[in-house]
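Here the structure is laid out as structure tokens; the discussion comes afterwards.
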Amino acid sequence: MPWIDMINENEAEGELHDIYTEITEPWGGVDNIMKIHSLNVGSLKAHMVLYKETMYGKSPITRAEREMIAVVSSVANKCEYWVIHHGKGLFRLTKDEKLVEQLKLDYKKAQISEKHKAMLDYSYKLTLYPWKMDKSDVQKLKETGFTDREILDINIVVSYYAYVNRLADGLGVELENI
């Protein structure tokens, strides 16, 4: 149960009802991380746009890479909601349970390419120590083959999870029971 009021699907009216209808998940409900915005429909709409662009928008960073970043950033933030949620998403894309578990435990020990390790090193450092970032962090990504556009998109994914991890943890948002 979240620590603030949240309007459930069966209580939603007007614009909120319409949005809930649009974002109902295949399991039959609306994710709690979206419902937590129910008292501020404007922030819900903005969050939906940001999420869709960050995780599903056109990008040279693959969906699986975005899910890897989501898991590692959420592990660094100790945000159980997103570790579980995006661990499941990464598994759906890769069918690699071992990879998901390695990323949850310690991405540095995961069986991944040097390019992916550099991507996750950058993601982890930006998540935990944003004030320590410098040009050399971006240079390391370039040295492993990432383009400027890819680096921008990696940064956007990490930044999104800084936002939603704090949204979930700061308001007591729990994972759906599905």
Looking at segment 25-48 only, could you name the residues that are in a helix (DSSP H, G or I) and either surrounded by 11 or more Cβ atoms within 10 Å (Cβ to Cβ) or at pLDDT below 95 (or both)? N32, I33, M34, K35, V41, S43, L44, K45, A46, H47, M48
Name the residues in segment 29-58 that are more than 17 Å from Y161 (Cα to Cα) and of a type in the set (G, A, S), would you? G29, S38, G42
Exactly one condition in (1) in contact with a Ser or Thr (Cβ under 6 Å, 6 or more places away or on another chain); (2) assigned to a helix (DSSP H, G or I) is not met by E15; state its number. (1)
Scanning segment 49-62 for residues that are under 24 Å from I19 (Cβ atoms) and either of a type outside the set (A, V, I, L, M) or surrounded by 14 or more Cβ atoms within 10 Å (Cβ to Cβ) (or both) gives L50, Y51, K52, E53, T54, M55, Y56, G57, K58
What is the residue count in segment 111-125 for residues that are in contact (Cβ under 8 Å) with a residue 24 or more places away in the chain, open to solvent by 30 Å² or more (accessible area, probe 1.4 Å) and closer than 20 Å to C79 by Cα? 1
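So, E150, is that one surrounded by 13 or more Cβ atoms within 10 Å (Cβ to Cβ), out of contact with any Asp or Glu (no Cβ under 8 Å at 6 or more places or on another chain) and not aliphatic (A, V, I, L, M) or not? Walk me through it before giving the result.
Details: surrounded by 13 or more Cβ atoms within 10 Å (Cβ to Cβ): yes; out of contact with any Asp or Glu (no Cβ under 8 Å at 6 or more places or on another chain): yes; not aliphatic (A, V, I, L, M): yes.
Yes, satisfied.
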Residue that is most open to solvent (accessible area, probe 1.4 Å), among those in segment 127-147 that are assigned to a helix (DSSP H, G or I) and touching a residue at least 40 places away in the same chain (Cβ under 8 Å): L128
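Looking at this structure, is I4 crowded, with 18+ Cβ neighbours inside 10 Å, of a type outside the set (S, T, Y) and out of contact with any strand residue (DSSP E or B) (no Cβ under 8 Å at 6 or more places or on another chain)?
On the way: crowded, with 18+ Cβ neighbours inside 10 Å: no; of a type outside the set (S, T, Y): yes; out of contact with any strand residue (DSSP E or B) (no Cβ under 8 Å at 6 or more places or on another chain): yes.
For I4, the condition - crowded, with 18+ Cβ neighbours inside 10 Å, of a type outside the set (S, T, Y) and out of contact with any strand residue (DSSP E or B) (no Cβ under 8 Å at 6 or more places or on another chain) - is not met.
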Suppose the filter is surrounded by 19 or more Cβ atoms within 10 Å (Cβ to Cβ), free of Cβ contacts under 8 Å to residues at least 40 places away in the same chain and within 30 Å of I36 (Cβ to Cβ); does V173 pass it? no
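Per-residue answers, yes or no, for (1) more than 17 Å from the chain's Cα centre (by Cα); (2) under 17 Å from T62 (Cα atoms); (3) among the hydrophobic types (A, V, I, L, M, F, W, C):
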| position | (1), (2), (3) |
| --- | --- |
| Y129 | yes, no, no |
| R149 | yes, yes, no |
| L152 | no, yes, yes |
| N165 | no, no, no |
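For segment 153-168, what are the residues that are open to solvent by 10 Å² or more (accessible area, probe 1.4 Å) and within 15 Å of M6 (Cα to Cα)? I'd like the intermediate steps shown before the answer.
The initial filter retains those residues of segment 153-168 that are open to solvent by 10 Å² or more (accessible area, probe 1.4 Å), namely 153, 155-156, 159, 162-163, 166-167.
Across segment 153-168, the qualifying residue is only L167.
Given the criteria at pLDDT below 95 and more than 17 Å from the chain's Cα centre (by Cα), does I84 qualify?
Working: at pLDDT below 95: yes; more than 17 Å from the chain's Cα centre (by Cα): no.
Taking the combined requirement at face value, the residue does not satisfy it.
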Of everything in segment 79-110, what is surrounded by 19 or more Cβ atoms within 10 Å (Cβ to Cβ), under 23 Å from D169 (Cβ atoms) and among the aliphatic types (A, V, I, L, M)? Give them in sequence order. V83, L90, V100, L103
Just the residues that are touching a residue at least 60 places away in the same chain (Cβ under 8 Å), more than 14 Å from Y124 (Cβ to Cβ) and in contact with a helix residue (DSSP H, G or I) (Cβ under 6 Å, 6 or more places away or on another chain), please, taken from segment 62-100. R66, Y81, W82
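The values are calculated or read from the model by the stated rules, or taken from the named source; none is laboratory data. Not measured: the values here are computed from a predicted model. Backbone-built Cβ (ideal geometry, glycine too); neighbour counts: all protein chains shown. Note: accessible area is taken over every heavy atom of the protein model, side chains too, but ligands, DNA and RNA are not part of it. Shrake-Rupley method; radii C 1.70, N 1.55, O 1.52, S 1.80 Å.
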